Amino acid sequence: MAKMNSQKMRKLLEDRLTGADWSFLFDREKDTLRVEHQETKKGVTISLPGLIAKWEEKKEAALDEMVYYIKEALRVMNDEQQVTGKEKRIYPVIRSTSFPDKSNEDVPLIYDEHTAETRIYYALDLGNTYRLLDEKLIRKENLDLSAVREIAKFNLRSLPISHKKDTVAGNDFYFVNQNDGYDASRILNEAFLQDFASSVSGTMAVAVPHQDVLILADIQNETGYDILAQMTMSFFASGRVPITALSFLYENGELEPIFILGKNRSKGRD
């Protein structure tokens, strides 16, 4: 079978989505495909290399998943949403600092700073997809931002947390993957992090390479840092919503990015 590339993946997506009121915009430089409603111009942008990485692992299932995500996202974008009465569905979501700070309609999104690599946005869960909260929606419903933040944190703490463990070269790695869209968000569950920290015998590190995974590590030796870096990069490259390829040390309730160069590691920015 010929190797998959961006042009072939673009064609597969367009063939699966053709016939609707959508147009396709391919950005060769960024290697992305934007799918948007022809009239409203609301849409989603897909990273083709990221989808290809998932396709090489899951084949048609990865394409089915992406097509479903696109259809649901576009359906939601073109419906009017209301937050009032749906407060139990508000959750915080972690995104990279390069994530857009405005909606497609150029309305500022609601977010808070988190680390040098990440931000906290707020989302209204709509079942199969979500709507990021923006200033227009907050103003329209006269919502209290402080209350929204507290509600989101409370809702996050109510989500179940389970993990799978993998031991490599004497280092323990734990993967939170509930597949509910808020795996990376669980890095904001301070009680969970503190509880995990109390059970670590080495150095605790965490990573949020993409939206659908949280990695926690009990690092026992220098090799552990290299393994974590490789693992995080691999997840980052294959995630539908990449966040950061860097991992973090967790010390005294603080998250500090760690940069790993071969056998050397440094904490924080130079």
Fill in the blank from the handout: The strands (runs of 3 or more DSSP E) lying wholly within segment 155-223 that contain at least 2 residues that are open to solvent by less than 20 Å² (accessible area, probe 1.4 Å) are 171-176, 203-207, 214-219
Exercise for the section: Please list, ordered by first then second residue, the pairs with beta carbon atoms under 8 Å, 6 or more apart or interchain, first in segment 56-70 and in contact (Cβ under 8 Å) with a residue 40 or more places away in the chain, second of a type in the set (Phe, Trp, Tyr). Expected result: Leu63/Trp55
Handout entry: Every residue from segment 1-52 that is open to solvent by 60 Å² or more (accessible area, probe 1.4 Å), closer than 19 Å to Ser103 by Cβ and among the acidic types (Asp, Glu)
Key = Glu39
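Hey, does segment 106-129 have a residue that's part of a strand (DSSP E or B), open to solvent by 60 Å² or more (accessible area, probe 1.4 Å) and either within 26 Å of Met9 (Cα to Cα) or not small (Gly, Ala, Ser) (or both)?
Step one: list which residues in segment 106-129 are part of a strand (DSSP E or B), which gives 108-109, 111-113, 118-125.
From what's left, open to solvent by 60 Å² or more (accessible area, probe 1.4 Å): 111, 113.
Imposing the further condition that a residue be either within 26 Å of Met9 (Cα to Cα) or not small (Gly, Ala, Ser) (or both) reduces the set to 111, 113.
Within segment 106-129, one or more residues are part of a strand (DSSP E or B), open to solvent by 60 Å² or more (accessible area, probe 1.4 Å) and either within 26 Å of Met9 (Cα to Cα) or not small (Gly, Ala, Ser) (or both).
Can you find, within segment 246-255, the residue that is farthest from the chain's Cα centre (by Cα) among those that are closer than 18 Å to Phe173 by Cα and open to solvent by 30 Å² or more (accessible area, probe 1.4 Å)? Even if it seems obvious, please write down each step before you answer.
Initially, segment 246-255 is screened for residues closer than 18 Å to Phe173 by Cα, giving 246-251, 255.
From what is left, the residues that are open to solvent by 30 Å² or more (accessible area, probe 1.4 Å) are 246, 251, 255.
Details: Leu246: 14, Glu251: 23, Leu255: 17 Å.
Looking at residues that are closer than 18 Å to Phe173 by Cα and open to solvent by 30 Å² or more (accessible area, probe 1.4 Å), I get Glu251.
For segment 53-68, how many residues are loosely packed, with under 14 Cβ neighbours inside 10 Å and over 16 Å from Thr18 (Cα atoms)?
So in segment 53-68, the residues loosely packed, with under 14 Cβ neighbours inside 10 Å come out as 56-61, 64, 68.
Now restrict to residues that are over 16 Å from Thr18 (Cα atoms): 56-61.
Qualifying residue count for the region: 6.
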Fill in the blank from the handout: Taking first residues from segment 232-244 that are crowded, with 17+ Cβ neighbours inside 10 Å and second residues anywhere that are acidic (Asp, Glu), the pairs with Cβ under 6 Å that are 6 or more apart or on different chains are Thr244/Glu117
Completion exercise
Across (1) within 22 Å of Thr129 (Cα to Cα); (2) outside any helix (DSSP H, G or I), Phe236 clears everything bar (2)
Exercise for the section: Could you tell me whether any residue of segment 86-96 is in a loop (DSSP other than H, G, I, E, B) and farther than 25 Å from Ala207 by Cβ? Expected result: yes
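Looking only at residues that are polar (S, T, N, Q) and in contact (Cβ under 8 Å) with a residue 40 or more places away in the chain in segment 94-105, which one is least open to solvent (accessible area, probe 1.4 Å)?
Kept after step one, since they are polar (S, T, N, Q), are these residues of segment 94-105: 96-98, 103-104.
Adding the requirement that they be in contact (Cβ under 8 Å) with a residue 40 or more places away in the chain leaves 96, 104.
Numbers: Ser96: 15, Asn104: 89 Å².
Filtering segment 94-105 for residues that are polar (S, T, N, Q) and in contact (Cβ under 8 Å) with a residue 40 or more places away in the chain, the one least open to solvent (accessible area, probe 1.4 Å) comes out as Ser96.
The values are calculated or read from the model by the stated rules, or taken from the named source; none is laboratory data. Bear in mind the structure is a predicted one, so any value in this text is a computation, not a measurement. Note that each Cβ is placed from the backbone with ideal geometry, even for glycine, and that neighbours are counted across all protein chains shown. Calculation scope for accessible area: heavy atoms of the full protein, side chains included, ligands and nucleic acids excluded. Shrake-Rupley method; radii C 1.70, N 1.55, O 1.52, S 1.80 Å.
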